[in-house]
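What follows is one structure encoded as structure tokens, with my remarks underneath.
The values are calculated or read from the model by the stated rules, or taken from the named source; none is laboratory data. These numbers were taken from a predicted model, which means no experiment stands behind them. Here the Cβ positions follow ideal geometry from the backbone for every residue, glycine too, while neighbour counts run over all protein chains shown. Side chains are part of the model used for accessible areas, which takes the heavy atoms of the whole protein and leaves out ligands, DNA and RNA. Shrake-Rupley method; radii C 1.70, N 1.55, O 1.52, S 1.80 Å.
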Amino acid sequence: MTEIYPAIKARMGRWDYFMVRMSMRDLARTVKYAEDIHGATQLSDAIQRELNKSRAAKEIATYLVKQEDRFFSSIVVAALRGDPQWHPVNMEDDPQFSILMSDKSLSGAFGVLTFNGEQDYFALDGQHRLSAIRALMDDDGRVDLEPPEGFAYEHVPVIIVIPHSLELEKEFMVRYRRLFGNLNRHAKAMSQFDNIVMDEDDIFAIITRRLIVDHEFFRSPGKDTDSSRIKMKRSKNISSGSSHWSSLEALYEINIRLLNTAPRRNEGWGLNAEKINDYKRFRPDEEDIDTLAQELTLYWDALVDTLPVLRSDPARMRIHNSRTDEQENEKAEDEARDNVLFWPITQELLADLARALLDDAAKKQPDSGSILTLEQAKTALEPLNSIVWDAHQPPWRHVFLVQNPKKNGQGYEWRIANEDRTERIRLLERIVRWQLRLDQLSDMEISGPGGLREVWRSLLPLEAVEEEDDMWEKIKNGVQV
């Protein structure tokens, strides 16, 4: 069935767009969310940021019902398929519109936009408003509110964007995502999670999405957004019982650190040697994206091969108290672990250490620049296997992992330190760099006043004093236990 809209045609940049009106009923009936059209099966094709339907239903729908002077700004809608046709209306010869004859810019601006009924619409900007309208119109139980009388026939201003006549849908989808990001970025700050999912200019967001979809360590059967390794929800943090190794936001940061080679730090990123924040602003050529994605894949191949512990069940690698008040349970002792590589904050530390080892190896391979082969990268990262990653062993014990009274006042339990966390992580990085021989420290830098040991000792609790010498020997020797 043909759909007809009286419209005003306009252009900005490469966008042809049309300003129309839709009734609340038609908007709820025809305009969809991105996942309704494409399904949430490809992270790399995600168009829309995570929709908080609860917020929309409770806050915006309430506004629509209770505010007699309710008003929405234009909802931006993308139209796919449907054979859109523009039919300009010539009004210049009508005496009632003689004013049009003196202004050439108005010629062809008014007309009718038609679709053949096979089109799909989805909201690029205004998905929360759409969700609220649907909640009132569909009577789906999400809100206990009745729409105002005549609400179904009230109108919303809608801006419709369509592809160019010869534009491939894949190319148009990239422009859609960019438009979505720009609309939301400049109107209201998007969350870091949304930026990573949506941004089509930030090369690190692009290759992080690609990594999750393509790399065997991260991808999962079924929906890519349900990666078994990466938490695909907002928040950088991971809970102790989570089945995910890390979060999307943390992985994004880790990837930047892995790719931050010495030449890039010193000379800049990309062909134009840009600062990293400038480099992220504009999409590079596809060849540059592919090259950086291949480099990142190589680093992850090397890391996972070098540290096979990363493949362990994350939920069993974050059990803080298996060696204290649960120690009598030998089965829990045997099966449970507490490994610092399963927490985002120390995963970023791992990335920095890996980058330093790779940089050292690259110096010894001057012909390769900063990019190593897979075997060279694995050899460079092998020293990571000599580090004790057990959170209950030095240097992590009492620094990264600390004891606190239980809430019930009965004994103590281990948890990750919140106090002075930045200082603690900085100290742990210094210690591990020393253990990896990335930093050559003098005796004074190690044991003298203000040295490494003194800084480490200052963070120990009083009850750890008797353990100090033994723990320091383990740190100094890098002993695996």
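Quick notes on this one:
- Residues (open to solvent by less than 50 Å² (accessible area, probe 1.4 Å), more than 22 Å from Leu211 (Cβ to Cβ) and without any contact (Cβ under 8 Å) to a residue 40 or more places away in the chain) located in segment 251-286: Gly268
- Test: residue in segment 171-184 that is modelled with pLDDT of 90 or more, touching a helix residue (DSSP H, G or I) at 6+ places or on another chain (Cβ under 6 Å), open to solvent by less than 40 Å² (accessible area, probe 1.4 Å) and among the small types (Gly, Ala, Ser): no
- Any hit, segment 150-160, residues being open to solvent by 10 Å² or more (accessible area, probe 1.4 Å), among the aliphatic types (A, V, I, L, M) and modelled with pLDDT of 85 or more: yes
- Within segment 423-446, residues that are farther than 16 Å from Ser386 by Cα have Cβ atoms under 8 Å from residues that are of a type in the set (A, V, I, L, M, F, W, C) and open to solvent by 50 Å² or more (accessible area, probe 1.4 Å) in these pairs: Ile425/Ile345, counting only partners at least 6 apart in sequence or on another chain.
- Checked against the criterion of being at pLDDT 90 or above and among the polar types (S, T, N, Q), segment 386-400 contains one or more residues that satisfy it.
- Hey, Gln347 open to solvent by 30 Å² or more (accessible area, probe 1.4 Å), of a type outside the set (Ser, Thr, Tyr) and either modelled with pLDDT of 90 or more or not in a helix (DSSP H, G or I) (or both) or not: no
- Any chance Thr30 is under 19 Å from Asn116 (Cα atoms), modelled with pLDDT of 60 or more and surrounded by fewer than 21 Cβ atoms within 10 Å (Cβ to Cβ): yes
- Only one entry of Ser239, Ser227, Ser247 meets the criterion of being over 26 Å from Ile371 (Cα atoms), in contact with a Lys or Arg (Cβ under 9 Å, 6 or more places away or on another chain) and exposed (fewer than 15 other Cβ atoms within 10 Å of the Cβ), and that entry is Ser239.
- Among the residues listed as Pro461, Pro395, the single one being within 24 Å of Leu303 (Cα to Cα), of a type outside the set (Asp, Glu) and touching a residue at least 12 places away in the same chain (Cβ under 8 Å): Pro395
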